[in-house]
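Enquirer: After the structure tokens below, expect a handful of questions from me.
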Amino acid sequence: MVAISPFLSEILKRRGIIQPEEQIRFLHADLSYLTPPFLIPQMEKACLRLLKAVERREKVFIYGDGDVDGLCSVALLWRLTEALELPCDFYLTHRLEEFEIAESLMENLASEGYTLLLVADCGTSSWQALEKAASLGMDVIILDHHLCGRADLPRQHIYLNPSMCDWPEGSRNLSSAGISFMFLQGMEALTPGLREKATCDLVELAGLGILGDGVVLKGDNRILVKEGLRRLTTTRVPGLRYFLENSGIAGEIKCRDVTFKINPRLNAPGRFGRPEVALKILLENREQDLPGLWRDIEEYDRKRSTIVVRAMKMLNQEPETNQLVVMRDFPPGLCGIIASRLVEKTGRPVLVCSRTGERIRGSGRSAGGFDLYWRLWKYREKFISFGGHSRAIGFTFAAECLEEIEEIWKEAISDFQPSTSLLVPEATVRLKELTAETVAELSLLEPCGPGNPRPLFLEPEVTIQEIFFKGKNRLQFWVGTESSYFQCFLEKKEDSDKIIPGKSVGLVYTPRISEATTLRKLWLDVKMVVPEKNKYSS
């Protein structure tokens, strides 16, 4: 049995992981610990339907969302159909289109001889298109995690969606890329010779998709991300290798490398109606074509960054009202980014919309435990299209309904209470107790994110020694104990005035180890400065 220190064991217990065997599984689980695919409802049925398509040489069409989760799902499904030697084509929806699948698409596909449609990261709320497909004799397999407000979806189709029925505990929070990976595992188990084609060796694509959607990093999600990050360094996807080489990513790849350097670039083309550009770099095997695709992606990413900076500068000058923002002729694909930035700034749920002509399209982002989807679901008939989950939604409505939607939004958030609580540390850990070995062991908690945050500790009293650097958004200073000094970094501007040399303060912090050199250097990522002694009493 792998030994776990009492220090780390206590942290896991506070997170509800009590038994020693549970703790070892959480810290060290690999792909062999994933939920067996055929324990997932309708998974075996979905795999048998695709095998039937292989036997009959049916024409298969893949339809997916154009964000990172959808891109990675479609890439996995495309690699699968390639390995199965199935005739296949694909289409990616994007942020300049409606969120629902069009009924006309089903008619067009049926007229072209397609009999099976694989839908990734969307489709659950497209009940009219699903009914049309059923009436035309087409079967649909939906691999999605978005919420469904209807119980009367056509029973002819197959729904791999954890929000629609009770899935095994470890798989309940899977994103669509994770569901697609499980689908590949199921197909590999049922298809002789498929394992040798290594279709399931693309776990890095599942990891990117999961991180792109910000789902809970527990259970299967945690395993797929952990293994996916490890595999990224040796990925056999030429486009991903090119990404790493040109994004300044070297050595061990962390979640933040994906979150800040890879996924924003993959998302960028779709925000301007060209998600196929990003998909091509994930599917392209010809090395000579990668530089051109990379240049296109970089151009879209620079454009995204410029527009977002300009928009935030404008919005920061306006008074905060009910957090429903409408901008005329703003790129609809960037509404979600602006909404997320405003949530970070205000701590409140936000809707951000773009008006073009007589239609308004937008995205919403939640805050705290506010369930954005169900709060607005009862008003769904006021929208032309509406879909999403508890933390994020997309919608379209007629411009003439703007005042009504504003009133609906005011009512929906009328009882929202912003969080005013202090950050809660997991334990009091004096700086004199920290060692490089202790902090290194905390890395076993990675990957950290929603549902598995970085550990926060409290140092109740320490003396500020020196301010080393003070910038607009970042403060670097030193604190001292009886036996050692620690370098600290603080990005919380409202706390910077509390940092005064010679003053004793409390710190809420996450300990880190410097990765810049071969020397193991401890430093503190300070999240809050507590001026009053013993403000956090145990």
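The values are calculated or read from the model by the stated rules, or taken from the named source; none is laboratory data. Every value quoted in this text rests on a predicted model; they were computed, and no experiment measured them. Here Cβ is always computed from backbone atoms with ideal geometry, including for glycine, and neighbour counts include all displayed protein chains.
Enquirer: Quick one: which strands (runs of 3 or more DSSP E) lie wholly within the stretch 317-409 and hold at least 1 residues that are modelled with pLDDT of 90 or more? Steps first, answer last, please.
Expert: Values: elements: 324-328, 350-356, 359-365, 385-388, 392-398.
Here the list reads 324-328, 350-356, 359-365, 392-398.
Enquirer: Pick from the stretch 138-161 the residues that are free of Cβ contacts under 8 Å to residues at least 60 places away in the same chain and within 19 Å of the chain's Cα centre (by Cα): which of them is surrounded by the most Cβ atoms within 10 Å (Cβ to Cβ)? Working first, answer last.
Expert: Going through the stretch 138-161, the residues free of Cβ contacts under 8 Å to residues at least 60 places away in the same chain turn out to be 138, 140, 142, 144, 148, 150-157, 161.
So of that shortlist, the ones also within 19 Å of the chain's Cα centre (by Cα) come out as 144, 161.
On the way: 144: 29, 161: 23.
Selected residue: 144.
Enquirer: Find the residue count for the stretch 424-449, including only residues that are under 14 Å from residue 521 (Cα atoms), among the hydrophobic types (A, V, I, L, M, F, W, C) and loosely packed, with under 15 Cβ neighbours inside 10 Å.
Expert: Selection size over the stretch 424-449: 2.
Enquirer: So which of 401, 448 is under 30 Å from residue 484 (Cα atoms) and not assigned by TED's automatic domain parsing to the domain that holds residue 70?
Expert: On the way: 401 fails: under 30 Å from residue 484 (Cα atoms).
Answer to the check: 448.
Enquirer: I've got another one for you. Would you check which residues across the stretch 156-205 are of a type in the set (S, T, N, Q) and part of a loop (DSSP other than H, G, I, E, B) and list them?
Expert: Filtering the stretch 156-205 for residues of a type in the set (S, T, N, Q) gives 156, 161, 163, 171, 173, 175-176, 180, 185, 191, 199.
156, 161, 163, 173, 175, 191 - these are the residues of the stretch 156-205 that are of a type in the set (S, T, N, Q) and part of a loop (DSSP other than H, G, I, E, B).
Enquirer: Of the residues that make up the stretch 438-451, is at least one more than 16 Å from residue 363 (Cβ to Cβ), touching a Gly at 6+ places or on another chain (Cβ under 7 Å) and not in a helix (DSSP H, G or I)?
Expert: Taking the stretch 438-451 first, the residues more than 16 Å from residue 363 (Cβ to Cβ) are 438-451.
Still in the list and also touching a Gly at 6+ places or on another chain (Cβ under 7 Å): 450.
Okay, now just the ones that are also not in a helix (DSSP H, G or I), so 450.
Within the stretch 438-451 (the criterion being more than 16 Å from residue 363 (Cβ to Cβ), touching a Gly at 6+ places or on another chain (Cβ under 7 Å) and not in a helix (DSSP H, G or I)), the answer is yes, since at least one residue qualifies.
Enquirer: Got a number for residues in the stretch 38-71 being buried (at least 23 other Cβ atoms within 10 Å of the Cβ), touching a Cys at 6+ places or on another chain (Cβ under 9 Å) and in a helix (DSSP H, G or I)?
Expert: Residues in the stretch 38-71 being buried (at least 23 other Cβ atoms within 10 Å of the Cβ), touching a Cys at 6+ places or on another chain (Cβ under 9 Å) and in a helix (DSSP H, G or I): 1 in total.
Enquirer: What number goes with the only condition from (1) of a type outside the set (Gly, Ala, Ser); (2) part of a helix (DSSP H, G or I); (3) not assigned by TED's automatic domain parsing to the domain that holds residue 173 that residue 227 does not pass?
Expert: Residue 227 satisfies all of (1) of a type outside the set (Gly, Ala, Ser); (2) part of a helix (DSSP H, G or I); (3) not assigned by TED's automatic domain parsing to the domain that holds residue 173 except (3).
Enquirer: Where residues in the stretch 101-137 are part of a loop (DSSP other than H, G, I, E, B) and either assigned by TED's automatic domain parsing to the domain that holds residue 335 or crowded, with 20+ Cβ neighbours inside 10 Å (or both), which of them is nearest to the chain's Cα centre (by Cα)?
Expert: Going through the stretch 101-137, the residues part of a loop (DSSP other than H, G, I, E, B) turn out to be 101-102, 112-113, 121-126, 136-137.
Filter again for either assigned by TED's automatic domain parsing to the domain that holds residue 335 or crowded, with 20+ Cβ neighbours inside 10 Å (or both), leaving 101, 121-126.
Working: 101: 22, 121: 12, 122: 15, 123: 19, 124: 19, 125: 20, 126: 22 Å.
Out of the qualifying residues, it is 121.
Enquirer: Also, I was wondering about something else. Among (1) touching a Cys at 6+ places or on another chain (Cβ under 7 Å); (2) of a type in the set (A, V, I, L, M); (3) outside any strand (DSSP E or B), which single condition is residue 479 missing?
Expert: (3)
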